[in-house]
Amino acid sequence: MRRALRGPRALLLAALGGAVLVLLGTWSLASVGASAATPRHQVREYWVAAVPVSWNVVPNRRDAIEGESLTAQQTTFRTVVYRQYTKDFAKPVANAQGDEGIQGPLLRARVGDTILVHFRNLDTLTNHPHSMHFHGVRYRPGSDGAYIPGFSGPGANVKPGETFTYRLVAEKSAVGVWPYHDHSPSMMESIEGGMYGALSILGPGEEAPDREFVVYLSTHLGFMTIDGRAFVGNTPVFKAKVGDVVQWDVLTLGDDFHTFHVHGHRWIQPDGTPRDTQVIGPAESFRLRWVEDTPGTWLYHCHVESHMMNGMIGIYRVSR
Amino acid sequence: MRRALRGPRALLLAALGGAVLVLLGTWSLASVGASAATPRHQVREYWVAAVPVSWNVVPNRRDAIEGESLTAQQTTFRTVVYRQYTKDFAKPVANAQGDEGIQGPLLRARVGDTILVHFRNLDTLTNHPHSMHFHGVRYRPGSDGAYIPGFSGPGANVKPGETFTYRLVAEKSAVGVWPYHDHSPSMMESIEGGMYGALSILGPGEEAPDREFVVYLSTHLGFMTIDGRAFVGNTPVFKAKVGDVVQWDVLTLGDDFHTFHVHGHRWIQPDGTPRDTQVIGPAESFRLRWVEDTPGTWLYHCHVESHMMNGMIGIYRVSR
Amino acid sequence: MRRALRGPRALLLAALGGAVLVLLGTWSLASVGASAATPRHQVREYWVAAVPVSWNVVPNRRDAIEGESLTAQQTTFRTVVYRQYTKDFAKPVANAQGDEGIQGPLLRARVGDTILVHFRNLDTLTNHPHSMHFHGVRYRPGSDGAYIPGFSGPGANVKPGETFTYRLVAEKSAVGVWPYHDHSPSMMESIEGGMYGALSILGPGEEAPDREFVVYLSTHLGFMTIDGRAFVGNTPVFKAKVGDVVQWDVLTLGDDFHTFHVHGHRWIQPDGTPRDTQVIGPAESFRLRWVEDTPGTWLYHCHVESHMMNGMIGIYRVSR
């Protein structure tokens, strides 16, 4: 291992050995962490806006599997996505995933934190209302962000030019990775358009991994995409070194079910079963972790064959 | 909490805390219960008939999501369903779910019980044979209710006018909620027509929840339905109070896979992982329980987008 | 029970009782086994070739569900499959599953073993390159068998007439059943054509079951097949006696999700939950075990209705 680990993760990994991969039973981990450390609870604030962008699903215009060429017209569309801003919406910031993914910023927190997400609708493309609905966290109905005629408030139907603040609490059961997405009356077209993102929440006292890879499985323009890109050469190339604690945050929204597979690696589910392929359905999400010990150039992909063949595949490079 | 809990449930819930949600690892619960109490095993008898009804999938004729109006012709069909009768088929009784759901009666039992289900085929609509096939319980081949040419007996092929009694035993592994359905030669059309229901089985010594919600996901007339109804305004409105132990019995049959989601709530899987969305495929079923602590008007729905948009969504109201 | 059991399996089964069914939390079992016995690690060698065959999906030409007759033309195709050979490819051997299944040989090993699979491409039907990609085991990139332009070596693209040896290690996390399949540039057509098989790996010290049933769910010629056959009368008839430890190895590849169901039986998942129906998606796999105690003629099938109706159903006979 590249460096010493401290705390419950070290114990867990030591017990399992370097070659053994771990799907975080984050609940148990969190429990252990809670007794080992009592971090200060924070209020975390994020500023996120819905903004128009032009998005290219296949920037290299190449279907690397069938060896076909594609036109920019076939692969590019105008759409509205979530983008992060600096405090008080002063200016846009490059997202952690912003350069690579269609999804919104990866919002991080820790169990015990209160999260304030200030959302501004800057959709000048469709001029539709939008919202943010968060999975995994606790909130009052006013922060649900889901439109129910007669019941829901302004947070479920944020009009162009308006701003709304969602107040969320990361309870113990929030450990892990969770989707957020538009749940306003525009939901159907918005999710197809890329209005989704992820919340990543650590347990109390839990160390962050060395590498965190967001794998968002979705459909755009008829392509099967990872973070909004299709085919090797366009999908993210994830990189790690032997000894790194790597974490995969896998999520999906829309209509399709997938099976996530990484070549040359296995992980242990919380129930103790080893796996190298895992089913995931719309709005489900899971987090995998392992200590990397297998150098090489590997594939990760959805193992539904037509999805893989239609672009849902990428490369993972592990160096020594 | 609204009232004192006794027995293993109290211990479990106390350990987890009021805010923590529990997906029943019913097996473990049952084990604990078995040592804490030795209830008398019962023989439970039910009388169920296949009867013709007219069923309206969208009684208010309104697609609340797209805001479209529908005609009674688009939303109503004649079909055959399971309905409960009093002893010896003296007269029909209102099912527990009978007013709200297309599904047959919720048949309840406890581990250790013998269950006798007297089934009468009163199908004067199609005059087809029918049967009942039960998941989760133990039985001899004669009570399997599934048609196998050359092997199966009369219980797999109950002709119109005939009666058959299925003898079932709720073993320890029967704890939870399970589907039953027609498995006669008419199975394909029958399930599409609504010939399905649920068995709900408590562990020995396990207390019943304060609220039990049956969520049967299915397809009728091209709509995506919950208990045979589509769209908010038609699907069940489930109600609870803060402090209630609420139980969700989620089931599906047919061709489709779903992801069940409840807004504003999370639960802990038996493997310790927190979730708020759960995949379910044909003939799978699961039972969720939590102590309600989050007042408000919430949505529950299948998170497969086209299913939700086509009606598979309802309201859950929690009062103080 | 028919005979005495020794070792960790005996303990587990005794603890659960004869009537209780077990889905192997193989990980835990393996751990127990590791301390109870220290078997000698072996190098196991297999010789497997891609060879052309003519395959009939419905040999009796009968759709037993709809009662329709089919022509040989509708049910037979020429294809390329994996077949086992004796040492150094001297001559073909009858596979364990070779008489019944389209899939390749069931390759067996034990945790700690090194497995050498010598693969020869004898595809004179399409003259395409082929490969073998193995799930569940550890290997270096050269033995991955998956084609990545610019990165992968000869093992991912074995030309007709060529031979390649894959070197695999069964680590602790390899316990269970896993798919293997073509992952060369010909993958898409190959999997549709039947180029897949299974690896079955025991934990250290773990006893083999009395019966091992391979259930490979797939699509061929538009039929929904088990081991390449459709409809009762063609699909495997699995047989056991009361007291047998029976093991079901369930796998699937392709585009479809399934729910595996066995009549008259239940099993306990590693997380403690009882089930009789289990979802499985492409490249997932699971292994079930129970001590048989329920005589009769039973159905096993995929519970997705259209899959069952289109052939994905078979018979399981338990004698006293």
Two-decimal Rg to Rh for the range C:189-261 - Kirkwood Rh, Cα set: 1.01
So what does the Cα-only Debye profile of the range C:163-320 read at q = 0.14, 0.15 Å⁻¹, as log10 I(q)/I(0), no solvent term? -0.74, -0.84
If packing is taken as the average number of other Cβ atoms within 10 Å across a peptide's residues, how do B:251-259, A:237-245 rank, most packed first? B:251-259, A:237-245
How far apart, in nanometres, would the label points at B:Ser319 and A:Glu189 be if each is projected 7 angstrom from Cα along the Cα-to-Cβ direction? 3.9 nm
The range B:188-258 and the range C:64-137: distance between their alpha carbon centers, rounded to Å: 43 Å
Please compute the net charge surrounding B:Pro141, taking Lys and Arg as +1 and Asp and Glu as -1 over other residues with Cβ under 13 Å from its Cβ. +4
I need the shape label for the protein assembly as shown. Rule: rounded when a/c is under 1.5, else prolate if a/b > b/c, else oblate, with a, b, c from the alpha carbon gyration tensor. rounded
Which residue in B is nearest the B/A rotation axis when you measure from the C-beta atom, and what is the distance in Å? B:Asp271, 2
Using a basic spin-label model with each label point 7 Å from the Cα along Cα→Cβ, how many nm lie between A:Glu207 and A:Ala94? 2.8 nm
Using only Cα atoms, what Kirkwood radius does the range B:131-255 have, in angstroms? 16.3 Å
Carbon and sulfur together cover what percent of the accessible area of the range B:152-238 at a 1.4 Å probe radius? 54 percent
Dipole of the range A:159-201, positive end: most advanced residue of A:Leu168, A:Leu199, A:His181 [Cβ charges, Cα centre]: A:Leu168
Going 7 Å from Cα along the Cα-Cβ axis for the label, what nanometre distances separate C:Glu45 from the same residue across the other copies? 7.1, 7.1
Under the rule a/c < 1.5 gives rounded, and otherwise a/b versus b/c splits prolate from oblate, where does chain C land using the Cα gyration tensor? oblate
Net dipole in debye of the range C:265-316 [+1 Lys, Arg Cβ; -1 Asp, Glu Cβ; about Cα centre; nearest 20]: 80 debye
Debye, to nearest 20: dipole size of the protein assembly as shown, +1 on Lys, Arg Cβ, -1 on Asp, Glu Cβ: 2620 debye
Roughly how many debye, to the nearest 20, is the charge dipole of chain C about its Cα centre, given +1 on each Lys and Arg Cβ, -1 on each Asp and Glu Cβ, and no other charges? 1120 debye
Under the convention of a label 7 Å out along Cα→Cβ, give the distances in nm from B:Pro59 to the same position in every other copy, shortest first. 5.5, 5.5
Which percentage, to the nearest 5, of the DSSP beta bridges contained in chain A is antiparallel? 70 percent
Projecting each Cα onto the charge dipole of chain B (Lys/Arg +1, Asp/Glu -1 at the beta carbon, about the Cα centre), which of B:Ala146, B:Ala283, B:Gly101 comes out farthest on the positive side? B:Gly101
Please work out whether the range B:36-85 counts as rounded, prolate or oblate from its C-alpha gyration tensor, where a ≥ b ≥ c are the square roots of the eigenvalues and a/c under 1.5 means rounded, while otherwise a/b larger than b/c means prolate and anything else oblate? oblate
Which one of C:Trp298, C:Ile313, C:Trp47 has its Cα pushed farthest toward the positive end of the charge dipole of chain C, where Lys and Arg give +1 and Asp and Glu give -1 at the Cβ? C:Trp47
Give me the accessible area buried between chains B and A, both sides summed, with a 1.4 Å probe, in Å² rounded to the nearest 100. 3000 Å²
According to the Cα gyration tensor, what semi-axes, each the square root of 5 times an eigenvalue, does the equivalent ellipsoid of the range C:41-129 have, listed from largest to smallest in whole Å? 32, 17, 9
Starting from the Kirkwood Rh over alpha-carbon pairs, what translational D in µm² s⁻¹ does the range A:234-320 have by Stokes-Einstein at 25 °C and 0.890 mPa s? 180 µm²/s
When you take every Cα atom in the range A:245-296, what is the radius of gyration, and what is Dmax, the widest Cα pair distance, in Å? 11.8, 35
When the helix-only estimate is applied to the protein assembly as shown (DSSP H runs of n ≥ 4, each -39,500 (n - 2.57), divided by the residue count), what is the mean residue ellipticity at 222 nm, nearest 500 deg cm²/dmol? -3000 deg cm²/dmol
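The values are calculated or read from the model by the stated rules, or taken from the named source; none is laboratory data. From a predicted model like this one, the values you see are computed outputs, not experimental measurements. Cβ sites come from the backbone with ideal geometry, for glycine too, and all protein chains shown count toward neighbours. Heavy atoms of the whole protein, side chains included, go into the accessibility calculation; ligands, DNA and RNA do not. Shrake-Rupley method; radii C 1.70, N 1.55, O 1.52, S 1.80 Å.
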